[in-house]
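Undergrad: Before I ask anything, let me first share the structure, which is written out below as structure tokens.
The values are calculated or read from the model by the stated rules, or taken from the named source; none is laboratory data. Small disclaimer: the values here were computed from a predicted structure and weren't measured. Methodologically, a virtual Cβ is constructed for each residue, glycine included, from the backbone with ideal geometry; neighbour enumeration extends over all protein chains shown. We work out accessible area using only protein heavy atoms, side chains counted, and drop any ligands, DNA or RNA first. Shrake-Rupley method; radii C 1.70, N 1.55, O 1.52, S 1.80 Å.
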Amino acid sequence: MAKGYWIARISAHTPERYDEYKELAGPAYKEFGAKFLVRGGQFDVSEGEARPRNVVIEFPTYQAALDCYNSEQYAKARAVRQAISEGELIVIEGAQ
């Protein structure tokens, strides 16, 4: 069974509230077995446009990645993130 991933590119308008988002999202990440592969860090804009915050999260399965995103716990965090930032987030199945 293939793993699942979240790939997010975020620009926070209110970065001082980002800790609130992380605190709310933490329990959902734990429940669904999330592992951060990329969380910020140095990057090079090789092509296209970039956002200041880039994140890749691995889940044990694609379904776990979807279930986490759609969970009640993550919905609370998502509401905060969407209020303080803009960006893109995709849920994608990994290669087998």
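Undergrad: Just the number, please: Stokes-Einstein D of the chain in µm²/s, Kirkwood Rh from C-alpha pairs, 20 °C, 1.002 mPa s. Present the calculation step by step, with values, prior to reporting the outcome.
TA: Working: Rh = 13.7 Å.
Once the numbers are plugged in, D ends up at 156 µm²/s.
Undergrad: About its Cα centre, what dipole magnitude does region 1-79 give when the only charges are +1 on Lys and Arg Cβ and -1 on Asp and Glu Cβ, stated in debye to the nearest 20? Walk me through the intermediate numbers first.
TA: Working: 11 positive and 11 negative charges, 15 e Å.
It works out to roughly 80 debye.
Undergrad: Rounded to a whole number, what % of the accessible area of the chain do carbon and sulfur atoms account for, probe 1.4 Å?
TA: Carbon plus sulfur share of accessible area: 49 percent.
Undergrad: Test of understanding: in a Gaussian network model of the chain with alpha carbons linked when under 10 Å, which of Arg39, Arg81, Arg53 would top the mean-square fluctuation ranking?
TA: Arg39
Undergrad: Another one. What FRET efficiency comes out for Met1 versus Arg39 if R0 is 25 angstrom and r is the Cβ-Cβ distance? Round to the nearest 0.05.
TA: 0.50
Undergrad: Helix-derived [θ] at 222 nm for the chain: sum -39500 (n - 2.57) over DSSP H runs of at least 4, divide by residue count, nearest 500? Mind dumping the intermediate values first?
TA: Values: 3 runs with 35 residues, N = 96.
Helix-only estimate at 222 nm: -11000 deg cm²/dmol.
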